[in-house]
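Nothing in this text is a laboratory measurement; each read-out follows from the coordinates by a stated rule. Keep in mind the model is a prediction, meaning the values are calculated, not measured. Cβ sites come from the backbone with ideal geometry, for glycine too, and all protein chains shown count toward neighbours.
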Amino acid sequence: MTKVEAVIQNSKLEAVKDALHEIGVEGMTVLEVRGHGRQKGHTEVYRGREYSVDLIPKTKLELVLPDAMVEKAVQAILTAARTGKIGDGKIFFTRVDEAIRIRNEERGEGAL
Amino acid sequence: MFVLERGKLIGEEEPALIPKLSLVLLLLVFTQPLLPQTASPSAAPTAAPTSDTNARLAKLEQQAADAKSSADNAWMLTSAALVLMMTGPGLALFYGGLVRKKNVLGTMMQSFALMAVITVLWALFSFSLAFGPGNGFIGGLHHLFLKGVGAAPDADYAGTIPLETFMIYQLMFAIITPGLIAGAFAERMKFSAMAVFMILWSVIVYDPMAHMVWGKGGLLNAALGGRFPTLDFAGGTVVHITSGVSALVCALYLGKRVGYPREPMPPHSVVLSFIGACLLWVGWFGFNAGSALSAGSLATSAFVATHFAAAAAAAGWAGAEWLRSGKPTTLGAISGSVAGLVAITPASGFVKPMPALLIGLIAGVFCYWMVAVVKAKFGYDDSLDAFGVHGAGGTLGALLTGVFASSVVNPIFKDTQGNTLPSGLIEGNAHQVVNQLVAVAISWALAIVGTLVILKIVDATIGLRVSEAEEIQGLDLSQHGEDGYHWETPA
């Protein structure tokens with residue numbers, strides 16, 4: 001099993017969600033987050049005073065997938081989330097040892 | 001003959017009465033020849049219709065006066081409500097949105113507390129100190145506990161409305177004025193210290209200033225024989241200079257907020273400020289047009305001047321920052337409208353529409369410069385720009401009133417024969433600018449000295465500032481045990 005964490009533009013959430021549903025991804029967790037990579041934020045001006053906002057609002061998706069599905073899911077995210085401009089985000093992978101469904105204590109990939 | 005004279009007199013005041021009066025005259029014409037036919041030809045019956053007509057005319061005059069009084073009173077009660085709306089929710093939202101999230105309730109509570117506290121003071125003695133008969137500087141205790149304040153008008157102030165209406169209208173000004181100062185010490189003053197400061201400030205600075213400018217026998221009163229007749233229609237000196245200058249003194253005395261200017265402290269909700277500013281704009285019609293103290297054409301003139309200045313100033317501020325930093329901001333536009341409303345306040349009942357536009361435009365650009373350039377240069381932490389907008393805009397407005405005041409709009413100065421004299425500099429009365437300067441100097445001096453004394457007293461007794469830990473925690477929790485927003489609390 002693999003955990004896929006994708007940090008994407010807020011505006012791309014619906015597109016990514018739809019693309020993942022299309023290839024059969026059944027569950028996901030979505031978080032509103034703030035952060036920055038190379039894109040260094042923007043400036044806001046209030047009554048002539050400048051404030052630089054370097055932590056930008058982003059959306060983070062967390063999916064835990066059977067290994068067979070990972071590549072398809074990654075392609076779906078890459079296609080749906082890309083604008084080609086700086087700030088499109090990143091995808092991270094982590095190996096997952098175990099998963100348990102709380103309702104019936106089912107384990108392994110069947111719990112996903 | 002007598003009837004005709006009376007008719008002419010009333011007709012001048014109230015054109016709508018002419019049809020009614022001609023009816024009475026017609027009645028008179030028809031009843032005169034009829035009566036002798038039915039009655040015996042003695043002296044008594046011919047005298048009867050004359051006295052009857054006189055009685056009816058007297059009744060009609062009374063009804064006309066009552067009608068005018070009702071119309072004026074309706075507008076003045078509406079205006080009083082509009083001015084209260086400027087403090088809560090107007091000012092509370094305007095300031096509340098400008099502070100950080102953790103201080104939103106503490107800031108709104110400062111405005112609201114004044115609605116309660118100043119009202120009580122006003123009822124007990126403050127109205128008397130401001131508007132009771134006294135000397136050139138302060139009223140006496142003639143109206144202590146509102147003694148003698150009832151349905152009867154006071155002809156010196158407003159001859160057509162109950163003195164009680166005048167009292168409640170003026171109270172709303174006394175409430176909002178100290179509320180404006182709160183913008184300078186936002187996010188760092190103890191609630192207890194704020195309450196004591198405001199009570200003392202209202203009595204030591206506001207009441208005397210209101211008496212000097214608007215009270216009978218006041219040193220600066222233009223209509224009731226002051227030594228330096230000052231044109232201040234709705235409170236450029238009394239409200240905005242006193243509060244704005246006191247705000248600067250507070251900002252300097254209290255010092256900066258923890259972390260200022262290193263940490264960013266942007267407004268937590270320009271949306272709240274936006275709603276507040278729009279409520280202020282609408283409420284200001286009660287503030288300025290209501291200061292005509294009647295519902296006639298002077299109120300209209302002040303209403304128009306007020307609106308025009310606010311519009312021009314919004315464009316001026318937003319335009320200036322557009323040129324300087326590339327974008328016109330929402331906060332700039334609404335701040336500009338408030339600056340224009342401040343500047344037109346003393347002038348509103350004296351200037352024509354074109355000077356009103358000009359005053360607004362100048363105020364918008366000038367206050368933007370004060371806030372964006374001057375404040376940054378000197379480094380004082382006037383957190384919400386109470387000085388930059390009210391102190392600077394009020395001073396500008398008070399001086400420009402002396403320049404643009406027009407005797408066509410408001411024939412305030414008359415010679416002993418009752419002929420109208422010129423009002424402002426543009427009409428040739430250069431001396432008026434000097435009088436305005438005197439009033440500006442007196443209000444600056446009173447605000448500086450009064451505020452410093454009060455701050456020293458409160459600082460030495462209960463202390464002014466919250467502790468650093470409380471300031472970091474925020475006023476909402478540390479002063480009131482509440483949190484303004486619970487949006488993330490689980491259901």
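Key figures
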item	result
Residue within region B:263-286 that is surrounded by fewer than 21 Cβ atoms within 10 Å (Cβ to Cβ), within 23 Å of B:Val342 (Cβ to Cβ) and polar (S, T, N, Q) present	yes
Any hit, region B:430-438, residues being within 14 Å of chain A (Cβ to nearest Cβ), hydrophobic (A, V, I, L, M, F, W, C) and either more than 20 Å from B:Glu321 (Cα to Cα) or part of a helix (DSSP H, G or I) (or both)	no
Residue count, region B:230-245 (criterion: out of contact with any Gly (no Cβ under 6 Å at 6 or more places or on another chain) and farther than 9 Å from B:Ala386 by Cα)	9
Which listed residue is over 28 Å from B:Ala67 (Cβ atoms) and surrounded by 20 or more Cβ atoms within 10 Å (Cβ to Cβ), from B:Ala130, B:Ala195	B:Ala130
Checklist (1) of a type in the set (Gly, Ala, Ser); (2) more than 10 Å from every other protein chain (Cβ to nearest Cβ); (3) in contact with a Cys (Cβ under 7 Å, 6 or more places away or on another chain) applied to B:Gly388, failing item	(2)
Number of the condition not met by A:Ala76 [criteria: (1) among the small types (Gly, Ala, Ser); (2) within 14 Å of another protein chain (Cβ to nearest Cβ); (3) surrounded by 14 or more Cβ atoms within 10 Å (Cβ to Cβ)]	(2)
Residue within region B:312-326 that is closer than 16 Å to B:Leu279 by Cα, more than 10 Å from every other protein chain (Cβ to nearest Cβ) and more than 16 Å from the chain's Cα centre (by Cα) present	yes
Set A:Val45, A:Val70, A:Val74, A:Val7: member being under 11 Å from the mean Cα position of the chain (by Cα) and either closer than 27 Å to B:Thr329 by Cα or assigned to a helix (DSSP H, G or I) (or both)	A:Val74
B:Tyr253 being of a type outside the set (S, T, N, Q), more than 14 Å from chain A (Cβ to nearest Cβ) and surrounded by fewer than 23 Cβ atoms within 10 Å (Cβ to Cβ)	yes
Selection count where residues are more than 14 Å from chain A (Cβ to nearest Cβ) and in a helix (DSSP H, G or I), scope region B:333-363	16
